[in-house]
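The structure appears right after this line, and notes come after that.
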Amino acid sequence: MNKSDSERIAAILERAGWQTAASADQADLVVLNTCSVRQSAEDRAYGHIAKWRRYRQRNPSFIGVVTGCVPAKEGDKLAKRFPAVDIFLNIQDIEKLPELVAEKRQTAFAAGTEYTDQNINYLQAVPHHQSNFQAYVPISIGCNNFCTYCVVPHARGREKSRGSAEILRECQELAAKNYKEITLLGQNVNSYGQDDPAEIDFPTLLQQVADISGDFWIRFITSHPKDMSDKLIKVIADNQPKVTPYVHLAVQSGSNKILAAMNRKYTKGDYLRLIGKIRQAVPKVAISTDIIVGFPGETAADFRETVNLFKRARFNMAYISQYSPRPGTAAAEMEDDVSRAEKRQRDKELTAVLEEIALEENQRDVGKMVKVLIENKKGSRYIGRTPQGKVVKVRGRGLTVGQLVEVQVEEALAWGLEGRALASS
């Protein structure tokens, strides 16, 4: 979502006459689009801001702007903490940025000014896509789930769906430009439309995107297990391979006690039955997940339940995070009673389990032909992804980034595949 928002920020500034600088230290204006899902992300943002005083010494007209989740969550505190920031701005109000920057350059505009009214109209801005073959299309902002560890409802606000006609128009334009991959974005894509009785639901939206003519893949992230309906599973199954056989379904824990404390609204058994249903309907599907280790109250026995879940679910990939309290969330009021050392150990153990399972699953692809979308080149190898989202290192001549190629898999690794390109399209 932050990448997609940044593309819109770039387009808004370019229409106002700004041009991209070669690097931040050479820029007259730097916009830092922040994430506050984890403390490490905030820390990186603060590290960037610390450089701005040096930029201003070299360039007295330098302007630093902070937007995204961090200012929405605690803009007033940050204005006092970081006087080097000229403007704090909620992402929903990013269309006001050119006006605010112009005013700052001409007057003593007050640093730390923050706008708080939520407005989804900024999504109507035509983005400056960083890629000419892959595009992110946001379908909603905010979240209504209030998982106890998550800052998104506090930083992004309540869930608000973007108009389906606008979404479809953007997807049609991308297909007409021969984009090869469109990813529908939302904090919880499969609850799309629930905030607006006049709107269609997510399975219907996904089907309408799939009905757009063109040879492109459709992905969507991220899904909440409680909203993964039979109707949605059927749409995925009925539109293979255009709707890619890949589902990211965050589970967060394998312990029912911890899931309840997280306010996740399902049990371990519910989750396992759900992914069983998905695999039955879409046999070639790959499933990835998110996990938090060391959540408040997570005992060794609770963690063993998560290990057990991994062994039963056989995820193709998992994004494992060590719990860190996020100010303003319900979990921040709980005792953070799992030590950092224990969190690191649980992360390490779970990663080892994932690595073993992922390698076994990837070995099933050795000798098979898979379709790969080439995303970049590193050295003599091209790097791409399969419809299942598996990373593939590709050998071959005459390949180009953005190309769909047939690849014969020759070797399996825990975190991807290697192979040789035979044909292209």
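Laboratory data are not the source of any read-out in this text; all were calculated from the coordinates shown. Worth saying up front: this structure is predicted, and the values here are computed from it rather than measured. Glycine also receives a Cβ, built like all others from the backbone with ideal geometry; neighbour counts cover every protein chain displayed.
The share of Cα pairs per 10 Å bin across the stretch 324-403, counted from zero up to the longest distance, runs 14, 27, 22, 21, 14, 2 percent. Dividing the mean sequence gap of close Cα pairs (under 8 Å, 6+ apart) by how many residues the stretch 369-424 holds gives a relative contact order of 34 percent. Under 24 Å of direct C-alpha separation, and excluding same-chain neighbours fewer than eight residues apart, LYS80 reaches these lysines: LYS51, LYS96, LYS104. With 0.36 nm allotted per residue and the present C-alpha distance subtracted, the ARG397-ALA281 stretch has 38.1 nm of extension available.
You can think of it this way: the chain between ARG56 and ARG169 has 36.5 nm of extra reach, that is 0.36 nm per residue less the Cα-Cα gap.
Using a Cα-Cα cut-off of under 20 Å, which aspartates and glutamates could be cross-linked to LYS231, ignoring same-chain neighbours fewer than 8 residues away? LYS231 reaches ASP195, ASP196, GLU199, ASP201, ASP211, ASP270.
Computed on the chain, the Cα convex hull volume stands at 154 Å³ per residue. For the chain, the dipole from Cβ point charges (+1 on Lys and Arg, -1 on Asp and Glu) about the Cα centre works out to 1060 debye, to the nearest 20. If a spin label sat at a point 7 angstrom from the Cα of ASP238 along the line to its beta carbon, the backbone N atoms of the stretch 176-217 nearer than 13 Å would be those of 203-211. Averaging the Cα positions of each part gives two centres, and for the stretch 174-225 and the stretch 43-71 these lie 35 Å apart.
For the pair LYS377 and THR267, label points projected 7 Å from Cα toward Cβ lie 5.5 nm apart.
When the charge dipole of the chain is built from unit charges on Cβ atoms (+1 for Lys and Arg, -1 for Asp and Glu) and taken about the Cα centre, the candidate among SER140, GLY17, GLY294 whose Cα reaches farthest toward its positive end is GLY294. Dividing the convex hull volume of the alpha carbon atoms of the stretch 269-425 by its residue count gives 150 Å³ per residue. Looking at LEU309, LEU185, VAL151, which one has the Cα that reaches farthest to the positive end of the dipole of the chain (charges on Cβ: Lys, Arg +1; Asp, Glu -1)? Selected residue: LEU309. For the stretch 6-74, dividing the convex hull volume of the Cα atoms by the residue count gives 98 Å³ per residue. Is any residue of the stretch 138-174 close enough, with backbone N under 20 Å, to a label point placed 7 angstrom from the Cα of ASP211 along the Cα-Cβ axis, and if so, which? Output list for this probe position: 139, 162-174. Within the chain, the cysteines lacking any other cysteine Cβ closer than 4.7 Å to their own Cβ are CYS35, CYS69, CYS143, CYS171.
A dipole drawn for the stretch 191-273 from +1 and -1 charges on Cβ atoms has a positive end, and of TRP217, LEU272, LEU205 the residue lying farthest that way is LEU272. Checking the cross-link pairs LYS3/LYS242; LYS265/LYS393; LYS180/LYS277; LYS3/LYS177; LYS343/LYS390; LYS234/LYS377 against a 31 Å limit on the alpha carbon distance flags LYS265/LYS393; LYS234/LYS377 as lying beyond it. Looking at the calculated P(r) for the stretch 120-363, what percent of the C-alpha pair distances fall above 22 Å? Every Cα pair in the stretch 120-363 considered, those over 22 Å come to 57 percent.
Based on Cα contacts under 8 Å between residues 6+ apart, the chain shows a relative contact order of 10 percent.
Only Cα pairs under 8 Å and 6+ residues apart enter the sum, and on that basis the relative contact order of the stretch 254-383 stands at 25 percent. Listed by chain and number, the aspartates and glutamates whose alpha-carbon sits under 17 Å from that of LYS77, ignoring those within fewer than 8 places in the same chain, are GLU42, ASP43, ASP86, GLU114. Sparsely packed loop sites in the stretch 327-424 (the trypsin sites (Lys or Arg not before Pro) outside DSSP H, G, I, E and B with at most 13 other Cβ atoms within 10 Å) comprise ARG364, LYS368, ARG397.
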